[in-house]
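Each remark here refers to the structure printed beneath this line.
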Amino acid sequence: MTQENINLNKINKDKAEPRREIAESDFTTDVPSENKLAKHAIQVHKFGGSSLATAECIKRVLEIIRANCQLNDIVVVSANGKTTDSLFALHDLVERTIAEQKIQTSDEITQLITALAKAQEKLITDLLNANNTKQLLLRLSKDIEQLSHWLAGDIVKYRNDILAFGEVWSARLLSALLNEQVCPSNSIDSRDFLVIDNEQSCVVDTAKSAAQLRQRRQFGKLAVITGYISKDSRGNSCTLGRNGSDYSATIIASLVAAGNVTLWTDVDGIYSADPRVVPNARKLHRLPNGVAKELGRLGNPVLHAKTLLPLINPLSEHHTHLHVASSFDPKVIGTEIGKFGQIAKQELSVTYLNDLLLAQSVSFTGKTAERAKAEFSPLCMDNQKGFMVITQEQQKSLSQWLASHDVEITFKPVSIIATVGHRVAERGDIKARFKRSLKTAKPIDILGSDNDHSVIAILPETCSIELLNSVHHEMTKDVRHIGLVVAGMGNIGERFLELLPAQLNKVYALENLHLVGLLSSKKALINNDGIDVAQASKLFAQEAQNYDTEQLISWLTQNPYDELIVVDITPSEDFSLLYEQMFSLGIHVIGANKWAASSSTKHFNNLVNTADKNNSLWLGNTTVGAGLPINYAIEDLRQSGDSISELSGIFSGTLSWLFETYDGTTKFSELLLNALAQGITEPDPREDLSGRDVQRKLLILARKAGFELALEDIDCQNLVPEALQSLSTHDFLARANELDEYFSSALSDAKSKGACIRYVARFQYDDATGVTAKVSLEVLPQTDAFANLTPCDNIFQISSHWYQDNPLIIRGPGAGRDVTAGGLHSDLVKICQQLAHKQHQVRIKGIN
Ligand code: ADP
Ligand code: ASP
Ligand code: MG
């Protein structure tokens, strides 16, 4: 068994894995070739403090590791919960106590130390077995002793050693727990391998760090590495800044050429604004690297500012994927950060930072501006007006730097709010909208960032939650990426696609719709970055790949759009059986396919309920009467409070043509063969003559009108005599003349009464008799509304409470390429209009 194939699920059951010391060849730090990469695709999983806050959270993490990790993967951890905050608080309190020479705070210091120790003790005792508890408590008490010692000594010197305890404790605990319950594991203190130049620039000594890491990792053990901390070339402890474990994870990923990094946190992805305070924030499924980098730079807590740096190396062919996922809901697909096309590039988000300073000085103009910028990497800077925005922590060093230049500086408290997205600073419309949305906040200035991925407003006051919500609403209210999948590349499918480019150009409701999938019964073309609508059929012919249902469902499950619409233009019952899964994924369906809407009562009700529960929309106007608005009319009456008592008409274009044309001068069978030759009938005309199609249509309409009935409740007259029913198509066509006698005598009987014959669908309901429904050949007076149609036309007649004496009639072409494709487009526009009004609220386990 190769190491990368060892699954932790298995190890747990079969713990006796051979162990040996790591060999040089076990891990590689070279940039791997394609093949090597496939073999060694190491995954780095980073768990943030929120994911490790309590014993319960840590148990969840254990399960995530069990399900997702292999032994040569790497786990990077933050300190448990808010441990780093507590260590900071302790350090700062001691520093103040010394500065202010206070003695009375020593009690407070002792209390803080005790609280820290107690919190760790609780995690240890809650999670570990007796033996490990004993060992870890012993090591903890030694650390607490050391901590107290450092606090009483040179705390400037030991600041970082003090802050490092959080990650050290967290890694030690998780590793011990993995050893007990999941797989062999060792914890590694990143200060034993990770070397940076200094805390300000954090440039990694890659060669040295990679070599040392290789020595630390042990074959057959899952490494749990401390995030956040490292050392400098002189061996002093350093930190990578608040939230720095994200950066640790990507540095380590680049040292081992990992294939993937997942940042497990308490939110299931990166949202268009902080979901704790903006309930309408949208999840950004795919974020281009540059935009994610800018979000981190502007203080988004999910991504430390430098997180992306180790992953975007233009010289390296190696590409590491970065994902953000929730440890509270690991099955939910999170955000992927990487290189994407046009659709992902349209995403917009809004982020803010309070407690900043606007620093103004002549040194921030002209040549010295560049030096100041290089030295302090301000959040934003205007070298014409001579100001930059920095954090409060930078104030001291900036003042010192300027003092050495002998220039004056003024500081003013400010905050920033920014809209972030691919090249937004180049987009006049976005800048104008952002400006409008900020009117009441009276920004001091609004400027684009150097990389053009953000527009930043500097505010004189704190950015309030109300302002954040209203700016976010303005910037994102009509952003919603809707993916469109067209299933069925036949006659109507082709026409639907031909009409699509013009529809996208002219219909406003389709603004955010992207064609992303084309399916036939065996082939699929899926492109998450969108398929060029002008060449859809050609691209499908050239590029479609074989597909199976499992692959399709897996893509549907992970699709990166806010909404996905599948248009089913197939005649396939099998495809209709996927609707339930689609609805349970929240996918919307437009069906021209009659199978699902006319399936058994149980199956149909189940579909309707599943769609309802998951807010999936299901439209199928073209299942009956092609583009004629019959389904809409029925639904409208029903929703308006009317009650329908009768539905009748001629529902089959083929049967309409046959009986409108059949006048006895030509034999019925000749007419039938003629219709077949013109494509008016199905390839086997018995499908039309059987009445099954009409029966299904009547069922669909009766259900739309609110009645619960099944296909068996509708009597169906099969116009094919029994003797011809089970023949092959060929034999049936050869013996079609056997139909003639029946139709000729039916027609002459009718004619003798001044009447005609028509294949009619009838549904009736009254309280006394209940439902009667049938589809059959009827004799109708020549004056009947159903008697004088243009051949091929359909007619639908509705009687209701409101339409009693004079029924409502809808009449027109009930089949055909253009009208059916048009009807599907009408459904598409309707769904998109409804989706535009759909309000969604963030509901995330862990933070809500
Ligand atoms: P961890 O403990 O895993 O390191 P953090 O607390 O550092 O996690 O970051 C996650 C938090 O970031 C979430 O709880 C979320 O509220 C907040 N946050 C702020 N802005 C965003 C955003 N745009 N998208 C997602 N989360 C955000
Ligand atoms: N524990 C550190 C902090 O709280 C680092 C991290 O969580 O990423 O900032
Ligand atoms: Mg964090």
Single unsatisfied condition, L222 versus (1) touching a Cys at 6+ places or on another chain (Cβ under 7 Å); (2) farther than 28 Å from A130 by Cα:
(2)
In region 262-289, the residues that are near ligand 1 (Cβ under 6 Å from one of its atoms) and either closer than 19 Å to S454 by Cβ or touching a helix residue (DSSP H, G or I) at 6+ places or on another chain (Cβ under 7 Å) (or both):
T265, D266, I270, Y271, A273, D274
Among the residues of region 39-60 satisfying the criterion of being in a loop (DSSP other than H, G, I, E, B) and modelled with pLDDT under 95, which is farthest from ligand 1 (Cβ to nearest atom)?
A41
Screening V516, V485 for residues that are within 30 Å of T419 (Cβ to Cβ) and either in a strand (DSSP E or B) or touching a residue at least 60 places away in the same chain (Cβ under 8 Å) (or both) leaves only V516
Which number in (1) more than 10 Å from ligand 1 (Cβ to nearest atom); (2) within 26 Å of S254 (Cα to Cα); (3) of a type outside the set (S, T, Y) marks the one condition that E347 misses?
(2)
Taking the options A67, A115, name whichever one is farther than 30 Å from L255 by Cβ, assigned to a helix (DSSP H, G or I) and under 44 Å from the mean Cα position of the chain (by Cα).
A115
Quick one: would you say G153 is under 27 Å from S233 (Cβ atoms) and within 16 Å of ligand 1 (Cβ to nearest atom)?
no
When you scan region 619-632, do you find a residue that is farther than 18 Å from L484 by Cβ and touching a Pro at 6+ places or on another chain (Cβ under 7 Å), even just one?
yes
Reported set for region 132-151 where residues are crowded, with 16+ Cβ neighbours inside 10 Å and farther than 15 Å from A115 by Cα is N132, T133, L136, W150, L151
Just to be sure, is T307 more than 16 Å from ligand 2 (Cβ to nearest atom) and closer than 19 Å to V76 by Cα?
no
If you check I430, I458, which single one turns out to be in contact (Cβ under 8 Å) with a residue 40 or more places away in the chain, assigned to a helix (DSSP H, G or I) and aliphatic (A, V, I, L, M)?
I430
Among the numbered conditions (1) away from ligand 1 (no atom under 16 Å from the Cβ); (2) aliphatic (A, V, I, L, M); (3) in a strand (DSSP E or B), tell me where I98 comes up short.
(3)
Restricting to region 576-608, count the residues that are in a helix (DSSP H, G or I), more than 23 Å from the chain's Cα centre (by Cα) and not β-branched (V, I, T).
6
Could you say whether any residue in region 235-244 is within 16 Å of ligand 2 (Cβ to nearest atom), among the basic types (K, R) and not in a helix (DSSP H, G or I)?
yes
Somewhere in region 226-233, is a residue assigned to a helix (DSSP H, G or I) and within 15 Å of ligand 1 (Cβ to nearest atom)?
no
Screening R159, R191, R172 for residues that are in contact with a Cys (Cβ under 9 Å, 6 or more places away or on another chain), in a helix (DSSP H, G or I) and under 22 Å from L90 (Cβ atoms) leaves only R191
Among the residues in region 525-535, are any more than 30 Å from H837 (Cβ to Cβ), modelled with pLDDT of 95 or more and in a strand (DSSP E or B)?
yes
Of the conditions (1) in a helix (DSSP H, G or I); (2) modelled with pLDDT under 95; (3) more than 16 Å from ligand 2 (Cβ to nearest atom), E180 clears all except one; give me its number.
(2)
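A quick yes/no check of all residues on (1) surrounded by fewer than 16 Cβ atoms within 10 Å (Cβ to Cβ); (2) at negative phi; (3) at pLDDT 85 or above; (4) not in a strand (DSSP E or B):
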{"site": "S316", "(1), (2), (3), (4)": "yes, yes, no, yes"}
{"site": "V324", "(1), (2), (3), (4)": "no, yes, yes, no"}
{"site": "I333", "(1), (2), (3), (4)": "yes, yes, yes, yes"}
{"site": "I343", "(1), (2), (3), (4)": "no, yes, yes, yes"}
{"site": "T351", "(1), (2), (3), (4)": "no, yes, yes, no"}
In region 290-307, anything more than 12 Å from ligand 1 (Cβ to nearest atom) and closer than 16 Å to I343 by Cβ is listed as G290
Of all residues in region 733-750, count the ones that are surrounded by 13 or more Cβ atoms within 10 Å (Cβ to Cβ) and among the polar types (S, T, N, Q).
2
Anything in region 395-424 that is buried (at least 20 other Cβ atoms within 10 Å of the Cβ) and closer than 22 Å to K293 by Cα? List them, or say none.
S415, I416, I417, A418, T419, V420, G421, H422, V424
I'd like the full set of residues that are under 23 Å from the mean Cα position of the chain (by Cα), outside any loop (DSSP other than H, G, I, E, B) and at pLDDT 90 or above, limited to region 288-314.
P288, N289, G290, V291, A292, K293, E294, L295, G296
Is there a residue in region 260-272 that is surrounded by 23 or more Cβ atoms within 10 Å (Cβ to Cβ), touching a Pro at 6+ places or on another chain (Cβ under 7 Å) and not in a loop (DSSP other than H, G, I, E, B)?
no
Filter region 73-93 down to residues that are in a loop (DSSP other than H, G, I, E, B) and among the polar types (S, T, N, Q) and give me whichever is farthest from ligand 2 (Cβ to nearest atom).
N80
Please list, ordered by first then second residue, the pairs with beta carbon atoms under 7 Å, 6 or more apart or interchain, first in region 803-817 and within 30 Å of Q678 (Cα to Cα), second of a type in the set (D, E, K, R) and not in a loop (DSSP other than H, G, I, E, B).
R811/D793; G812/D793; P813/D793; G814/D793; R817/R495
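Among the listed residues I124, I144, identify the single one that is closer than 23 Å to S237 by Cβ and among the hydrophobic types (A, V, I, L, M, F, W, C).
Testing whether each residue is closer than 23 Å to S237 by Cβ and among the hydrophobic types (A, V, I, L, M, F, W, C) leaves just I144.
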Got a number for residues in region 226-240 being within 16 Å of ligand 3 (Cβ to nearest atom) and surrounded by 23 or more Cβ atoms within 10 Å (Cβ to Cβ)?
5
Cross-chain or 6+ apart pairs with Cβ under 7 Å, region 265-276 first and over 21 Å from K82 (Cβ atoms), then within 12 Å of ligand 3 (Cβ to nearest atom) and modelled with pLDDT of 95 or more
G269/V324; I270/V324
Restricting region 241-259 to residues that are crowded, with 24+ Cβ neighbours inside 10 Å and within 14 Å of ligand 3 (Cβ to nearest atom), the residue that is farthest from H321 (Cα to Cα)
G244
Set L499, L510, L525: member being in contact (Cβ under 8 Å) with a residue 24 or more places away in the chain and within 23 Å of the chain's Cα centre (by Cα):
L510
Is it the case, given these coordinates, that L222 is within 16 Å of ligand 2 (Cβ to nearest atom) and either under 24 Å from T84 (Cβ atoms) or modelled with pLDDT of 95 or more (or both)?
no
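The values are calculated or read from the model by the stated rules, or taken from the named source; none is laboratory data. Worth saying up front: this structure is predicted, and the values here are computed from it rather than measured. Glycine gets a Cβ as well: all are built from the backbone with ideal geometry, and neighbour counts include every protein chain shown.
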